[in-house]
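Reading through the structure tokens given below for one structure.
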Ligand code: ZN
């Protein structure tokens, strides 16, 4: 598995973008309003494979808004890029990791995404993602 991105929960994506622009010395290359997940996202490249994903909640019932209320801003999840998300989900379930959802959903950039519960992963939310052709 390749580390695809680190997701960072932020209160204000515009000010967070400015901060990461000054850290990474580059502009966000991709932005999307993901109504289905109630998030605004912005991606920065940090190398050939890896990215930083900024996530701002849309509304009080967004999972990102709830996360920030509980834990504050900061690292929200790690995402690993896989070739066959269905096979990897089954493999990880067999290894005892607890799924957060029934089946993969459409995430940013039309990727298939699937999350595992932090309490089964030592406190870290894990995302698997797969490009759709
Ligand atoms: Zn992500």
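The values are calculated or read from the model by the stated rules, or taken from the named source; none is laboratory data. This one's a predicted model, so the numbers in the text were calculated from it and none came from an experiment. Note that each Cβ is placed from the backbone with ideal geometry, even for glycine, and that neighbours are counted across all protein chains shown.
Given the residues 52, 64, 8, which is the only one that is without any contact (Cβ under 8 Å) to a residue 60 or more places away in the chain, within 13 Å of the ligand (Cβ to nearest atom), outside any helix (DSSP H, G or I) and surrounded by 15 or more Cβ atoms within 10 Å (Cβ to Cβ)?
So the residue among 52, 64, 8 that is without any contact (Cβ under 8 Å) to a residue 60 or more places away in the chain, within 13 Å of the ligand (Cβ to nearest atom), outside any helix (DSSP H, G or I) and surrounded by 15 or more Cβ atoms within 10 Å (Cβ to Cβ) is 52.
Taking residue 95, is it more than 14 Å from the ligand (Cβ to nearest atom), surrounded by fewer than 19 Cβ atoms within 10 Å (Cβ to Cβ), under 30 Å from residue 23 (Cβ atoms) and modelled with pLDDT of 95 or more?
no
Within the stretch 31-46, how many residues are within 14 Å of residue 56 (Cβ to Cβ) and in a helix (DSSP H, G or I)?
Residues that pass the stated criteria total 2.
Return the residue satisfying two criteria in turn: it lies in the stretch 98-131 and is in contact (Cβ under 8 Å) with a residue 24 or more places away in the chain and in a helix (DSSP H, G or I), and of such residues it is surrounded by the fewest Cβ atoms within 10 Å (Cβ to Cβ).
109
So which of 16, 28 ends up being in a loop (DSSP other than H, G, I, E, B), modelled with pLDDT of 95 or more and either surrounded by fewer than 20 Cβ atoms within 10 Å (Cβ to Cβ) or more than 13 Å from the ligand (Cβ to nearest atom) (or both)?
28
Restricting the search to the stretch 71-83, which residues are more than 11 Å from residue 1 (Cβ to Cβ) and more than 10 Å from the ligand (Cβ to nearest atom)?
71, 72, 73, 74, 75
Conditions first: (1) touching a helix residue (DSSP H, G or I) at 6+ places or on another chain (Cβ under 9 Å); (2) within 13 Å of the ligand (Cβ to nearest atom). Residue 103 passes all but one, so which condition is the exception?
The number of the failed condition is (2).
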